[in-house]
1. Having 3 or more residues that are at pLDDT 80 or above is the bar; report the helices (runs of 4 or more DSSP H) wholly within the range 81-175 that clear it.
2. On the basis of being basic (Lys, Arg), over 12 Å from the mean Cα position of the chain (by Cα) and surrounded by 16 or more Cβ atoms within 10 Å (Cβ to Cβ), does Arg86 make the cut?
3. Could you say whether any residue in the range 72-86 is out of contact with any Asp or Glu (no Cβ under 8 Å at 6 or more places or on another chain) and more than 22 Å from Arg145 (Cβ to Cβ)?
4. Which of the residues belonging to the range 35-77 are among the aromatic types (Phe, Trp, Tyr) and over 16 Å from Asp128 (Cβ atoms)?
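The values are calculated or read from the model by the stated rules, or taken from the named source; none is laboratory data. Note that this is a predicted model, so its numbers are computed, not measured. All Cβ positions, glycine included, derive from the backbone under ideal geometry; neighbour counts span all protein chains shown.
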Amino acid sequence: MTAREEPKDPLHRPLRADALRNRQRILDSAGTLFATEGLTVSLDEIARHAGVGPGTVHRHFPSKDALIAAVAGSRLRHIVEQASQRSSAPDPAAALRDQLAEMLAEAELSAPLKGALSGTEFDIRETDPEASERLRSALDVLLGRAQHAGTIRTDIDVEDLIAALAGTFHALRHAGEPPDSPRARRLTSMLFDSLEPRPGSG
């Protein structure tokens, strides 16, 4: 292939500006409709909301599962940015708690994100391994800083933290209540209490 020839595989070609805009409009519309209508909303409805044709949606996302995973990945990357910004906060324990609380609240507003973080809809480690690993690393930094400060128990690691968080997602989902309800606040408080240092915890 000469320098003037384009790659024959369209998957390796960068998206044009208009295609990028359409993709983002689809993601935004899907995120909105998944939040208001649930994951049963059709791709045709998402296309109408985004102002594009059904074929455009299918060109970017060959299946609804692919679109759900993309919406979850987009929200996950936003969470990673938040966690990275909190990594230099003066109060490490408060930074970790704020991050976990925000993740719980965001998941309640995003069905794909909840499904990803709880593992009930799909495994985000398989659909978006890069975003999943970045989140794991960001939480590991927040946890390590809080443990070093002596404000979070030291006998747990980031995998324990993620498992506890997923358990809280399941509990909130089972309760079927909004994130600001008394029960949701109690469940969130139980998660935070489980992180407190205790005698013999290391």
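1. Working: elements: 92-109, 111-118, 124-127, 129-148, 158-175.
Filter on the range 81-175 gives 92-109, 129-148, 158-175.
2. Details: basic (Lys, Arg): yes; over 12 Å from the mean Cα position of the chain (by Cα): yes; surrounded by 16 or more Cβ atoms within 10 Å (Cβ to Cβ): yes.
Against the criterion (basic (Lys, Arg), over 12 Å from the mean Cα position of the chain (by Cα) and surrounded by 16 or more Cβ atoms within 10 Å (Cβ to Cβ)), Arg86 qualifies.
3. Within the range 72-86 (the criterion being out of contact with any Asp or Glu (no Cβ under 8 Å at 6 or more places or on another chain) and more than 22 Å from Arg145 (Cβ to Cβ)), the answer is yes, since at least one residue qualifies.
4. Pass one, the range 35-77, residues among the aromatic types (Phe, Trp, Tyr): 61.
If the condition is that a residue be among the aromatic types (Phe, Trp, Tyr) and over 16 Å from Asp128 (Cβ atoms), then no residue fits.
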